[in-house]
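The structure appears right after this line, and notes come after that.
Bear in mind that the values in this text are calculations on the coordinates, not laboratory data. As the structure is a computational prediction, the values presented were derived from the model and not from experiment. So basically every Cβ, Gly included, is an ideal-geometry build from the backbone, and we count neighbours across all protein chains shown.
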C-alpha cells in the first residue's frame, strides 16, 4: 500500500541521515578542537592538543547510539518509533550543546586543561579553539534531527496501514472489495451468458455462492477470504 511504501521510504531516509550523523560525530571526536599553550617555568613552552573526544566525551557514545538506532528504526513502529524519534531529537540537542558553547564564547581554559588531564605544574598561557571542528558536530546534529523527523513521519505512515486502521476504515475497505468483486463477477456472468448453455452446465463448472462469489476451485481462496473478512467486520456480502 502507499502508506507502507511511504513508511519504508521514510525509514530509509532516516537511516541514511542517522548514519551520516554518526560518521560526522566520529570524525569530530578525532580532530583537534583546541590547542593549549602552557609552561611549567622550568622547561620551554609546550603545546597540547585537545581532541573532540576529550572536549566532548559523549561524541563517540552518541555515534554508537545512532548506529544502534538504525536497527531500531526498522524494527519499531507506531508509538515505539515515535518515542525513538524523540530520543534521537534529544541526542541531537545533547551533541550540539558543547559545539555551540565553543563557537559562541571564549574557550574555557580550565575545562580544556581538565579535559586532557594537564599536570598541575603547568600554567596555561593561551587556549586557541579550532573553529571548524564544532561545525562538524552541528552538521551532525542537523542530520540526526532530520533522521528523527523522518522516523516520526514513518511512524505516522505505518499507523495508517490496513493492519492498524480503525474498524470503520477497515469496514469501508472491505465493502469496496466485496462490491467490486460482486460487480466483476456479474459482468463476467453477463459476458458468458451469450455462450452455449451447455458450457455453463458442464461438469466441474464453478457454481455461484453467496454474493455472486464462485464456490469452485478457481478464485475460491481469494473470494472466501473476502467473504470471511466481510463477516468479521459486520458486512453482509449478500446485500
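Structure notes:
- Extension gain, residue 125 back to residue 110 (0.36 nm per residue minus Cα-Cα distance, nm): 4.3 nm
- Site pair residue 9 and residue 83 shows an inter-label distance of 2.9 nm when each label is modelled 7 Å from Cα along Cα→Cβ.
- Taking 114, 11 and counting other C-beta atoms within 10 Å, the order from fewest to most: 114, 11
- Computed lengthening from residue 156 to residue 186, 0.36 nm per intervening residue step minus Cα-Cα distance: 6.9 nm
- Take every pair of alpha-carbon atoms less than 8 Å apart whose residues are at least six positions apart; their mean separation over the length of the range 2-163 yields a relative contact order of 43 percent.
- With neighbours defined as other Cβ atoms within 10 Å of a residue's Cβ, the residues 150, 122 order from fewest to most as 122, 150.
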